[in-house]
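Please read the structure below before turning to the comments.
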Amino acid sequence: MEIATKLPGKIRDRYAPSPTGLQHIGGIRTALFNYLFARSSGGKFILRLEDTDRARFDERFVQNLYDTFAWLGIRWDEGPDAGGPAAPYVQSKRTAGYQQYAEELLAAGRAYPCFCSAERLDEIRREREAAHSGETGYDRRCREIPAEEAARQIAAGEPHTIRLKIPLGETTRFRDYLLGDVEWKNNDVNPDPVLLKSDGFPTYHLANVVDDHLMGISHVLRAQEWLSSTPLHVIMYRAFGWEHPEFCHLPMVMGQDGKKLSKRHGATSIDEFRRQGYLPEALINYVALLGCSWEEGKDFYTLEELAERFSLDKLNKAPGVFDYKKLEWYNGQYIRAKTSGELAELALPWAVEAGLFNNGAKGAGPSAEERERFAAAMPLIRERLTLLGEVPGKLGYLFAAPPVPPAEEFFPKKADRSQTAALLRLGRGLVEALAAATDDEAAEQIVKAAAEKEGVKPGDLLMPLRVAVTGARVSPPLFGSIRLLGAQASGERVDRALAALSV
Ligand code: GLU
């Protein structure tokens, strides 16, 4: 397999996920910042699949990655599906190259073969745990095997890994864009990590460094949890004689309790947010705020606006705190910016799934008339909507007559059953006029005039009518609902309620 050699200059950054889980907030934040950085600097944004952990790999996570980013509208310039000059962009298709580079380090004395068995490594770990020694990682036993002896063992076909020979007694220094100068005593970094496994597959460290180099990555923007790997990587770049990319470790994303954002805090996978009915624009807008400062007084940004404005200077050192309420607020705002047609289109899958149409047949699409009513109902709920997933719950009463609630539900304050029935009879008399009213104002006039004439409060007149028509004391606007349902259906509901109240 041919592997492209280092590509020339310019800004090139990448999102390099391991397809071992669903895409989550932290991942898309990393991807977004890389995307924005490339876009804002005329560079290239690359997707690379780091699929060397074959035990945890699952094709469905690759599909989830593609689906998520297609939904978010974030595209890469180069990647497994898009192709590009550094193809292939999938590490499992580049294994021959990693072996070659591991051997290069071996030949240069910067790496060594390790013949320790998995059982021995387990044993070391157990002994150390029992002794509470605090030491972790490999004990470097094979580092001392003379080269000829190691070569003999390899020739005899003994299974082995290849480990990085960390130069002991030295300090590794590098600059991080956000954290400034970082230094790490080599004796404190992960002791001689494995670069190539015994099955010939590279570990994250080897594959990541080799690919960043071969793909000409100029900037590595990644989550801060990778910071402890960076000294190792810098040691490897130097061992290869390569220049390392610029590093920028992004601030952590925390929950409100100051702990790393996790499932304990709420949804983290993008699928889950999507299922609840978040809009991609809202998610992007909100995630862009996590650990990044934008303009005072401007809350809303499209992806294009973010890309125009992004710079590394806007990143914060302090962690970003994930606020579910704030995200909900953004979603509500983006929902309000949609036209009724757009909103109906977006919410339709939830309504179909909930069985809103076709007499409650789950999964059934709407008839032409139902579809029209659904779109016409959007103005009734848009102002209070935060998630698309709430739509069927709010609109069910427009597609099937709700069960008649218990009598007390109908009672306005201080009214008893017979007074309520009288009020509802009054309301019944208005249904035709209300259904024919041109707008809310006209409907209000009708109710006001009737209330005045009968000497009752308009609110008291409306409460039982609302419960009869919508099935609940709290509902989307009543007048709009009556207009949508029409005089006949609304009237029938009131008649049913009157019958129940008069028992
Ligand atoms: N494969 C690593 C991950 O899953 C990539 C880390 C990096 O960007 O170097 O996040």
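Using only helices, what value at 222 nm comes out for the chain when you add -39,500 (n - 2.57) per DSSP H run of length 4 or more and divide by the total residues, to the nearest 500 deg cm²/dmol? Intermediate values should be presented prior to the final figure.
Details: 19 runs with 227 residues, N = 503.
After summing the helix terms and dividing by the residues of the chain, the value is -14000 deg cm²/dmol.
Can you give the net charge of the other residues whose Cβ lies under 14 Å from the Cβ of LEU312, counting K and R as +1 and D and E as -1? Mind showing how you got there, number by number?
Values: positive: ARG39, ARG175, ARG222, ARG309, LYS314, LYS317; negative: ASP13, ASP176, GLU246, ASP313.
With Lys, Arg at +1 and Asp, Glu at -1, the neighbours total +2.
Compute the relative contact order of region 80-217 as a whole-number percentage, counting only Cα pairs closer than 8 Å that sit 6 or more residues apart in sequence.
Working: 149 pairs, mean separation 38.5, N = 138.
Result for region 80-217 is 28 percent.
For region 75-85, what does the Karplus curve 6.51 cos²θ - 1.76 cosθ + 1.60, with θ = phi - 60°, yield as ³J(HN,Hα) per residue in whole Hz, taken in order and with x for Gly and Pro?
Each residue's phi maps through the Karplus curve to give 10, 9, 7, 9, x, x, 8, 8, x, x, x Hz.
Once Lys and Arg get +1 and Asp and Glu get -1 on their Cβ, which of VAL469, LEU484, GLY459 lies farthest toward the positive end of the dipole of region 457-503?
Going by the charge dipole, the pick is GLY459.
Can you compute the charge dipole magnitude of region 293-413 about its Cα centre, using +1 on each Lys and Arg Cβ and -1 on each Asp and Glu Cβ, nothing else charged? Give it in debye, rounded to the nearest 20.
Details: 15 positive and 19 negative charges, 47 e Å.
Here region 293-413 has a charge dipole of around 220 debye.
Could you give each residue of region 189-202 its phi-based ³J(HN,Hα) in whole Hz, using Karplus coefficients 6.51, -1.76, 1.60 with θ = phi - 60°, and x for Gly or Pro?
7, 2, x, 6, x, 5, 9, 10, 7, 5, 8, x, 7, x
Ignoring solvent entirely, what values of log10 I(q)/I(0) come out of the Debye formula for region 295-371 at 0.19, 0.22 Å⁻¹ when each Cα is a single scatterer?
-0.94, -1.10
Tell me the relative contact order for region 206-336 as a rounded percent, counting alpha carbon contacts under 8 Å between residues six or more apart.
Values: 129 pairs, mean separation 35.2, N = 131.
Once divided by the residue count of region 206-336, the mean separation gives 27 percent.
Work out the charge dipole of the chain with +1 on the Cβ of Lys and Arg and -1 on the Cβ of Asp and Glu about the Cα centre, then indicate which of ASN331, LEU47, LEU430 is farthest towards its positive end.
It is LEU430.
Sort out for me the Cα centre separation of region 329-377 from region 63-125, rounded to whole Å.
If you average the Cα positions of each part, the centres end up 44 Å apart.
Given the chain reduced to its alpha-carbon atoms as identical point scatterers, what log10 I(q)/I(0) does the Debye formula return at q = 0.06, 0.07, 0.09 Å⁻¹?
Listed by q, the Debye log ratios stand at -0.45, -0.56, -0.76.
Would you work out the charge dipole size for region 90-242 about its Cα centre, treating the Cβ of every Lys and Arg as +1 and the Cβ of every Asp and Glu as -1, and quote it to the nearest 20 debye?
Computed about the Cα centre, the dipole is about 260 debye.
Name the trypsin sites (Lys or Arg not before Pro) in region 77-186 that are in a loop by DSSP and that have at most 11 other C-beta atoms within 10 Å, would you?
Working: sites: LYS93, ARG94, ARG110, ARG120, ARG125, ARG126, ARG128, ARG140, ARG141, ARG143, ARG152, ARG163, LYS165, ARG173, ARG175, LYS185; in loops: ARG94, ARG110, ARG140, LYS165.
Answer by residue number: there is no such site.
With all protein chains present, calculate the accessible area of LYS314 using a 1.4 Å probe and round the result to the nearest 10 Å².
Surface accessible to solvent at LYS314 totals approximately 50 Å².
Figure the gain on full extension for ARG425 and GLU59 (residue separation times 0.36 nm, minus the Cα-Cα span) and round it to one decimal in nm. Could you put the intermediate results ahead of the total?
Values: separation 366, 0.36 × 366 = 131.76 nm, distance 6.27 nm.
Full extension of this stretch gives 125.5 nm more.
Taking Cα pairs under 8 Å and at least six residues apart, what relative contact order does region 166-233 come out at, in percent?
Details: 55 pairs, mean separation 20.8, N = 68.
Computed over region 166-233, the figure is 31 percent.
What size of dipole, in debye to the nearest 20, comes out for the chain about its Cα centre when the only charges are +1 on Lys and Arg C-beta atoms and -1 on Asp and Glu C-beta atoms? Could the numbers behind the result be given before it?
Values: 64 positive and 70 negative charges, 165 e Å.
Here the chain has a charge dipole of around 800 debye.
Could you give me D for region 363-503, from Stokes-Einstein at 4 °C and 1.567 mPa s, where the hydrodynamic radius is the Kirkwood radius over C-alpha pairs? Units µm² s⁻¹, please. Don't jump to the answer; show the numbers that get you there.
Details: Rh = 15.5 Å.
Estimated via Stokes-Einstein, D reaches 84 µm²/s.
Kindly identify region 1-108 as rounded, prolate or oblate by the Cα gyration tensor criterion: order the square roots of the eigenvalues as a ≥ b ≥ c, call it rounded if a/c is under 1.5, otherwise compare a/b with b/c, prolate if a/b is larger, else oblate.
Values: a/c = 2.09, a/b = 1.26, b/c = 1.66.
The shape class here is oblate.
If I take R0 = 45 Å and measure r between the Cβ atoms of GLU345 and THR136 in this structure, what FRET efficiency does the formula 1/(1 + (r/R0)^6) give, to the nearest 0.05?
Numbers: r = 54 Å, r/R0 = 1.20.
The pair GLU345/THR136 has a calculated efficiency of 0.25.
Quick check on the chain: of the DSSP beta bridges with both residues there, what percent are antiparallel, nearest 5%? Provide the component values of the computation, followed by the final result.
Working: 17 of 32 bridges.
Counting only bridges with both partners in the chain, antiparallel ones make up about 55 percent.
When a/c is below 1.5 the answer is rounded, else prolate if a/b is larger than b/c, else oblate, so apply that to region 374-453 with a ≥ b ≥ c taken from the square roots of the Cα gyration tensor eigenvalues.
Oblate shape, in that a/c is at least 1.5 and b/c is the bigger or equal ratio.
The values are calculated or read from the model by the stated rules, or taken from the named source; none is laboratory data. From a predicted model like this one, the values you see are computed outputs, not experimental measurements. So basically every Cβ, Gly included, is an ideal-geometry build from the backbone, and we count neighbours across all protein chains shown. Each accessible area value is taken on the protein alone, full model and side chains, heavy atoms only, with ligands, DNA and RNA left out. Shrake-Rupley method; radii C 1.70, N 1.55, O 1.52, S 1.80 Å.
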